[in-house]
1. For the range 146-164, check the following and say yes or no: at least one residue is on the phi > 0 side of the Ramachandran plot and outside any helix (DSSP H, G or I).
2. Only one of ASP16, ASP38, ASP97, ASP114 is in a helix (DSSP H, G or I), of a type outside the set (Ser, Thr, Tyr) and surrounded by fewer than 16 Cβ atoms within 10 Å (Cβ to Cβ); which?
3. Looking at LEU184, LEU140, LEU165, LEU177, can you tell me which residue is free of Cβ contacts under 8 Å to residues at least 40 places away in the same chain and either surrounded by 17 or more Cβ atoms within 10 Å (Cβ to Cβ) or under 21 Å from LEU63 (Cα atoms) (or both)?
4. Go through the residues of the range 64-79 one by one and say whether even a single one is under 13 Å from the mean Cα position of the chain (by Cα), in a helix (DSSP H, G or I), surrounded by 17 or more Cβ atoms within 10 Å (Cβ to Cβ) and of a type in the set (Val, Ile, Thr).
5. Does LEU104 qualify as being assigned to a helix (DSSP H, G or I), open to solvent by less than 60 Å² (accessible area, probe 1.4 Å) and either charged (D, E, K, R) or closer than 28 Å to TYR48 by Cα (or both)?
Amino acid sequence: FSLSDYNSILQKGLDDYNKAQYNFAINNLTKYIRQSNDNNLKPKAYFYLGLSYYFTGNYRSSLNYLNELTSKYRFSDYTGQSYFWKGLICQNLNQWDDAERFFLKFIQTMPKSDVVDKAYLALANSQFEQAKFTEAEKNLKILIEDYKDSPKYEEASVLYAYLLLKFEKNEQAESFLDIWIGKLADRG
């Protein structure tokens with residue numbers, strides 16, 4: 001096999017992934033990883049192989065390949081992104097402490113990511129599931145204050161208001177809910 005043959009296998013795997021044909025993607029990406037010696041493109045193959053397993057519901061295999069990515073290619077562009085997905089996998093497996101750890105790592109590693117708002121909400125949900133209500137409130141407040149245009153704003157608002165009421169911060173909760181209700185009324 002020449003380098004272009006290997007790259008062709010990788011491209012087929014990526015095309016399959018983009019078409020949501022995850023089993024085909026898994027076959028091609030696995031073949032690429034096993035046969036290619038090109039360490040520049042292997043992190044990409046590991047990342048999309050992990051995501052392909054994720055979207056088939058095989059969370060353990062997904063986590064294994066993403067762990068392999070982060071251990072073998074710590075400085076890859078895909079390593080930081082993998083922490084977000086590892087957090088989601090752990091949530092699906094009800095491993096809330098691991099999910100929290102991965103979301104924190106993602107936020108620290110990729111604070112300018114276009115999914116950092118989702119990471120803050122997922123982080124808060126993981127903390128909420130562990131009864132770490134103070135930490136969850138803190139992270140929801142970041143999302144509420146810094147990501148007002150986020151599609152996750154409303155979902156975060158409900159949980160944030162609930163935590164304010166839980167901590168008997170009734171005036172703060174009422175003030176926040178008034179703002180939130182005003183935003184909803186403005187949008188129709």
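1. Here is the first cut: in the range 146-164, the ones on the phi > 0 side of the Ramachandran plot are none.
No - not one qualifying residue is present in the range 146-164.
2. Residue meeting the stated conditions: ASP97.
3. Just one listed residue meets the conditions, LEU140.
4. To start, the set of residues in the range 64-79 that are under 13 Å from the mean Cα position of the chain (by Cα) comprises 66, 78-79.
Next cut, in a helix (DSSP H, G or I) only: 66, 78-79.
Checking the rest, the ones that are also surrounded by 17 or more Cβ atoms within 10 Å (Cβ to Cβ) come to 66, 78-79.
Subset that is of a type in the set (Val, Ile, Thr): 79.
Within the range 64-79, one or more residues are under 13 Å from the mean Cα position of the chain (by Cα), in a helix (DSSP H, G or I), surrounded by 17 or more Cβ atoms within 10 Å (Cβ to Cβ) and of a type in the set (Val, Ile, Thr).
5. Considered against the rule, which asks whether it is assigned to a helix (DSSP H, G or I), open to solvent by less than 60 Å² (accessible area, probe 1.4 Å) and either charged (D, E, K, R) or closer than 28 Å to TYR48 by Cα (or both), LEU104 comes out as no.
The values are calculated or read from the model by the stated rules, or taken from the named source; none is laboratory data. A quick note: this is a predicted structure, and the numbers were derived from the prediction, not measured. Ideal geometry is used to build each Cβ from the backbone, glycine not excepted, and the neighbour counts take in all protein chains shown. Heavy atoms of the whole protein, side chains included, go into the accessibility calculation; ligands, DNA and RNA do not. Shrake-Rupley method; radii C 1.70, N 1.55, O 1.52, S 1.80 Å.
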